[in-house]
Amino acid sequence: MEFGSPEAAGMQAYADELRAMFMRMQDEGLELHRKARAVQVTETSPDGLVSATVGPRGDLVRLDLDPRLYRRPDSRQLADTITETIARAAAKARERVIEIFEPVIPPEQMAAHIDGDVETAMRQLAERMTGER
């Protein structure tokens, strides 16, 4: 790759973008991190009998079960309802964390990071360096 080539220009532009992102993260990062750590999302099942609150990583913080549940002794349905309610809350918490970091990290990169998807993160990095989309 020779100096002044489109590839070099693309890499320089990406390096400049990374530098700017790093500076924004340095300036805003602690506050964004504090906001992200404080995320809690509560979801309620469609029947209103199960409420689940999760933290920023989708970890269960609180589970509330309405006493009316005991009138319907279907444990499999209850387990499915709890699981589905927690999953919806976790998905919303993930979305909220991505939104919090959006000013400094592109949403698709943050999503790949949260998901631990190294392959996608590396592909996005390569695309941005070469100017491909």
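The values are calculated or read from the model by the stated rules, or taken from the named source; none is laboratory data. Since the model is a prediction, treat every value here as computed from it, not as a measurement. Here Cβ is always computed from backbone atoms with ideal geometry, including for glycine, and neighbour counts include all displayed protein chains.
What the table shows:
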| quantity | calculated |
| --- | --- |
| Enumeration of residues in region 19-68 that are part of a loop (DSSP other than H, G, I, E, B) and either aromatic (Phe, Trp, Tyr) or more than 15 Å from the chain's Cα centre (by Cα) (or both) | Ser45, Pro46, Asp47, Gly48, Leu49, Asp66 |
| Residue match in region 103-116 (condition: over 16 Å from Val41 (Cβ atoms), in a loop (DSSP other than H, G, I, E, B), of a type in the set (D, E, K, R) and in the same structural domain as Met25 (by TED's automatic domain parsing)) | no |
| Residue among Leu125, Leu78 that is more than 24 Å from Gly10 (Cα to Cα), among the aliphatic types (A, V, I, L, M) and either assigned to a helix (DSSP H, G or I) or not assigned by TED's automatic domain parsing to the domain that holds Glu28 (or both) | Leu78 |
| Boolean, Met110 is at negative phi and surrounded by fewer than 15 Cβ atoms within 10 Å (Cβ to Cβ) | no |
| Within region 55-71, considering residues that are surrounded by 15 or more Cβ atoms within 10 Å (Cβ to Cβ) and more than 11 Å from Ile86 (Cα to Cα), the one modelled with the lowest pLDDT | Leu69 |
| Residue that is surrounded by 14 or more Cβ atoms within 10 Å (Cβ to Cβ), among the hydrophobic types (A, V, I, L, M, F, W, C), outside the structural domain of Glu127 (by TED's automatic domain parsing) and within 30 Å of Leu125 (Cα to Cα), where the choices are Ala90, Ala52 | Ala90 |
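Per-residue answers, yes or no, for (1) surrounded by 15 or more Cβ atoms within 10 Å (Cβ to Cβ); (2) at pLDDT below 95; (3) out of contact with any Asp or Glu (no Cβ under 6 Å at 6 or more places or on another chain):
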| site | (1), (2), (3) |
| --- | --- |
| Val39 | yes, no, yes |
| Pro46 | no, no, yes |
| Pro73 | no, yes, yes |
| Arg94 | yes, no, yes |
| Glu102 | no, yes, yes |
| Asp115 | no, yes, yes |
| Glu119 | no, yes, yes |
